[in-house]
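A short write-up of the structure that comes next.
The values are calculated or read from the model by the stated rules, or taken from the named source; none is laboratory data. Owing to the predicted nature of the structure, the values given are computational and were not obtained by experimental measurement. Cβ coordinates were reconstructed from backbone atoms using ideal geometry, including for glycine residues, and neighbour counts include every protein chain displayed.
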Amino acid sequence: MIAQDTATLRPQAWLDGLRAAIGTVVVGKEAVVELVLVALLCEGHVLLEDVPGLGKTTLIRALAQALDCGFRRIQFTPDLLPTDVTGLSFFNQKHSEFEFRPGPVFTNLLLADEINRATPRTQSALLEAMQERTVTLDGETHRLPRPFLVLATQNPVELEGTFPLPEAQLDRFLLRVELGYPSADEEEQIVVRFGASNPLDNLAATSDQATLLAMQARVRQTLLSPAVRQYAVAIVRATRDHADVELGSSPRGSLALCHAAQALATLRGRAFVLPDDIKALVPAVLAHRLILSDEARLRGRTARSVLADIVVGLAVPVEA
């Protein structure tokens with residue numbers, strides 16, 4: 001696809017085109033698509049968590065095709081090795097020297113399918129890539145292409161033979177998103193749409209790598225007023241003092257919440273962030289960053305319900 005002129009790029013037109021392209025494949029799930037686009041604009045990683053068959057992989061593949069960026073998929077299994085993700089150094093007998101063979105992590109969009117089926121050692125191979133966008137092997141650091149996003153899936157129900165993601169890795173995901181079952185009408189549309197052929201086969205790209213990078217730079221310019229910024233920080237800090245929380249969110253949560261709110265405001269056609277943007281993103285940005293106390297879990301409390309209490313208890317900033 002020919003690159004768009006980033007100087008005359010209209011963000012809303014670009015986003016509407018991307019939404020429409022994904023909508024030709026994914027039925028409904030507007031809220032989920034919006035959250036994935038928020039992560040895309042932030043160059044943040046997403047953990048899609050739900051039972052099999054709800055379209056997690058289909059959504060990611062549709063996004064990759066619409067963006068026309070580099071895309072690789074890794075099927076995580078217990079026998080997967082770290083070098084199967086990052087690549088390895090091998091001795092080239094022809095040239096009598098070691099050469100680096102890049103692994104599938106060297107791409108723009110990486111689908112880590114069923115990430116919790118790999119061993120902790122293999123899961124940790126993604127830590128440096130997700131945070132620093134680099135891979136270090138044999139003392140040599142290799143930079144990943146930009147943009148770089150990890151879109152991971154996991155099944156929260158079938159736990160046999162799985163390895164829960166450690167807190168350090170969960171914290172590197174900008175968002176954790178649950179898809180949920182479709183409505184009756186949406187499920188019928190899925191059957192009709194995929195009955196004759198796979199719509200992914202006819203999905204044309206609406207963007208390119210250069211345009212995506214330009215859009216990500218524009219998001220940073222979205223106005224985040226001091227009052228709204230302080231509101232976001234207050235929510236994150238409140239997670240550390242709540243009686244039901246054993247471990248609250250780190251400052252990375254504050255950064256993630258503010259940046260994601262800038263992206264959401266851009267998606268909704270505004271050049272400034274509202275407190276409602278912050279409130280809308282709190283569950284997806286912060287729920288996976290909290291560890292509840294044993295007593296709270298026994299009482300049936302969840303991270304989302306704790307966050308709802310925090311949001312209700314904090315005063316919302318208003319325009320003077």
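Before moving on, here are some points about what is shown:
- Condition met for Thr141 (assigned by TED's automatic domain parsing to the domain that holds Thr153, polar (S, T, N, Q) and touching a Lys or Arg at 6+ places or on another chain (Cβ under 8 Å)): no
- Some residue of segment 84-92 being of a type in the set (Phe, Trp, Tyr), out of contact with any Gly (no Cβ under 7 Å at 6 or more places or on another chain) and closer than 22 Å to Leu212 by Cα: no
- Checking each residue in segment 72-97 for being β-branched (Val, Ile, Thr) and not in a strand (DSSP E or B) picks out Thr77, Thr83, Val85, Thr86.
- The single condition among (1) under 19 Å from the mean Cα position of the chain (by Cα); (2) in a helix (DSSP H, G or I); (3) surrounded by fewer than 15 Cβ atoms within 10 Å (Cβ to Cβ); (4) not hydrophobic (A, V, I, L, M, F, W, C) that Gln65 does not satisfy is (3).
- Test for Phe100: is it in a strand (DSSP E or B), touching a Gly at 6+ places or on another chain (Cβ under 8 Å) and in the same structural domain as Asp201 (by TED's automatic domain parsing): yes
- For segment 205-320, the helices (runs of 4 or more DSSP H) that sit wholly inside it and include 2 or more residues that are surrounded by fewer than 22 Cβ atoms within 10 Å (Cβ to Cβ) and out of contact with any helix residue (DSSP H, G or I) (no Cβ under 7 Å at 6 or more places or on another chain) are 209-219, 226-238, 251-267, 294-298, 303-313.
- Single residue of segment 120-129 satisfying the filter (out of contact with any helix residue (DSSP H, G or I) (no Cβ under 7 Å at 6 or more places or on another chain) and either modelled with pLDDT of 90 or more or not hydroxyl-bearing (Ser, Thr, Tyr) (or both)) that is surrounded by the most Cβ atoms within 10 Å (Cβ to Cβ): Ala129
- Of the residues making up segment 68-106, those that are without any contact (Cβ under 8 Å) to a residue 40 or more places away in the chain and surrounded by 18 or more Cβ atoms within 10 Å (Cβ to Cβ) are Ile74, Asp84, Gly103, Val105, Phe106.
- Of the residues making up segment 26-56, those that are of a type outside the set (A, V, I, L, M, F, W, C) and either modelled with pLDDT of 85 or more or more than 25 Å from Leu127 (Cβ to Cβ) (or both) are Gly28, Lys29, Glu30, Glu34, Glu43, Gly44, His45, Glu49, Pro52, Gly53, Gly55.
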